[in-house]
Amino acid sequence: MPTFRAGVDLGATKIQAVVVGPDHAVVGQARHPTPTEGGPPAVTAAIARAVEEAAGSAGVAVEELGGAGVGSPGAVDHDSGMVAHARNLPDWEEPFPLAAALADALDCPVRIDNDVQVAVLGELELGAGRPYSSFLGVWWGTGVGGGIVLDRKLWLGRGAAGEIGHMVVKRGGARCPCGRRGCLEAYAGRGAMERRARELHDRGHKTDLFHLMEKRGRERLTSGVWAAALDREDRMAEDLIHRAVAALGAGIASAMNLLDVEAVVIGGGLGTRLGEPYVERIAKAMQPHLFVDDRPPAMLPAALGDLGGAIGASLLFEV
Ligand SMILES: [Zn+2]
């Protein structure tokens, strides 16, 4: 049984690769920007380079890897290793055989699953979810993803379970990136929040958000930009984050009323960056919507941090 495995978190802006040892400890890592052109072949090549570099930093030859797991955005078919509709990746609409192409490039077995599901799997096995038999993972980032753990297993439904970001928190409400109206993600997703901030800014509302973005050489309102704006008490940032927290409270409480799980684990780019104080604010925002309000769930930030998605992906080779 090979001792080392690789895990990759394929994100819209960065590719994070780790190599883990037998006890799941991270022994090597590498982070590369996600290519913005060149389509799936360019992304596959960049993933292969990141894995090779992570292995190199661990002093492990790629041939020694027992496998590489990848958490991917888009519509992921675990069994066929195909990825389609990855709209945050360059020219990636049609199905592409990512597992097969990457296995060719690395000459080792590759398994692929949904990015949020593998991150939640990581929290289940190694992170904040370890003490619980049931919990809900809420990944607060560019979008709002989720994972449901019941009896220590991910509940996948027919393959699309856990899409808490598209629970309706306001009928006929704000337009969601998915095209529907009133979804949680329309209020709390970083993408939707940025769109709203730009609209308000264009209409003359004052904010330091875009100034902070430029100062950091960014083209997007990253989690770091939001955190910096909150630090300096930027009014628009505070209002939009407050709106996001209120929507998360309503959406997560509704999910609790349905599932009655023991805990809620908050992860994702924004969730991880804003951390504990915001987990507490979400808990407060949930309270008025909880049907059984004297037994709220345990509320926890994800424990594996920035590397959580990649570490979770390495668990795809846990057999
Ligand atoms: Zn939606």
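The values are calculated or read from the model by the stated rules, or taken from the named source; none is laboratory data. Bear in mind the structure is a predicted one, so any value in this text is a computation, not a measurement. Neighbour counts run over all protein chains shown; Cβ positions are idealised from the backbone, glycine included. What goes into the accessible areas is simple: the full protein's heavy atoms, side chains included, and nothing from ligands, DNA or RNA. Shrake-Rupley method; radii C 1.70, N 1.55, O 1.52, S 1.80 Å.
Beta bridges per DSSP, both residues in the chain: antiparallel share near 60 percent. Which whole-number percentage describes the relative contact order of the chain, with Cα contacts under 8 Å and a sequence gap of 6 or more? Reported relative contact order: 20 percent.
Where the centre of each part is set by its Cα atoms, how far does the range 252-319 sit from the range 65-101, in angstrom? Taking the Cα centre of the range 65-101 as reference, the centre of the range 252-319 is 26 Å away. Rounded to the nearest 20 debye, the dipole size of the range 94-153 about its Cα centre is 320 debye, using +1 on the Cβ of Lys and Arg and -1 on the Cβ of Asp and Glu.
Checking the a/c ratio against 1.5 first, then a/b against b/c, what shape does the Cα gyration tensor give for the range 1-155? Cα axes put the range 1-155 in the oblate bin.
Candidate cross-link partners of Lys14 among the lysines, defined by an alpha-carbon separation under 29 Å and a same-chain spacing of 8 or more, comprise Lys153, Lys215. Rounded, prolate or oblate: pick one for the range 1-90, where a ≥ b ≥ c are the square roots of the eigenvalues of its C-alpha gyration tensor, a/c under 1.5 means rounded, and failing that, prolate if a/b is larger than b/c, else oblate. Because a/c hits 1.5 or more and a/b exceeds b/c, the range 1-90 counts as prolate. When each of the peptides 43-56, 276-289 is scored by the mean number of other C-beta atoms lying within 10 Å of its residues, the order from highest to lowest reads 43-56, 276-289. For the range 4-54, the share of accessible area belonging to carbon and sulfur comes to 54 percent (1.4 Å probe, ligands and nucleic acids excluded).
Under the criterion of Cα pairs below 8 Å and six or more residues apart, the relative contact order for the range 162-319 equals 18 percent.
Solvent-accessible surface of protein heavy atoms, probed at 1.4 angstrom with all chains present, puts Thr207, Thr36, Thr13, Thr142 in the order Thr36, Thr13, Thr142, Thr207, largest first. Computed with a 1.4 Å probe over protein heavy atoms only, the accessible surface of the range 157-296 comes to 54 Å² per residue.
If you add up the charges near Trp139, with Lys and Arg at +1 and Asp and Glu at -1, over every other residue whose beta carbon is less than 12 angstrom from its beta carbon, what do you get? All intermediate terms of the calculation are to be shown ahead of the outcome.
Values: positive: Arg190; negative: Asp9, Asp115, Glu123, Glu163, Glu185.
So the surrounding residues net to -4.
Against the chain, whose longest principal axis is taken from its Cα atoms, helix 115-126 shows a tilt of about 80°. Averaging Cα coordinates gives a centre for the range 7-23 and one for the range 162-186; these two points are 30 Å apart.
Seen through its C-alpha gyration tensor, with square-root eigenvalues sorted a ≥ b ≥ c, the range 84-155 comes out oblate because a/c lies at 1.5 or above while a/b is not bigger than b/c.
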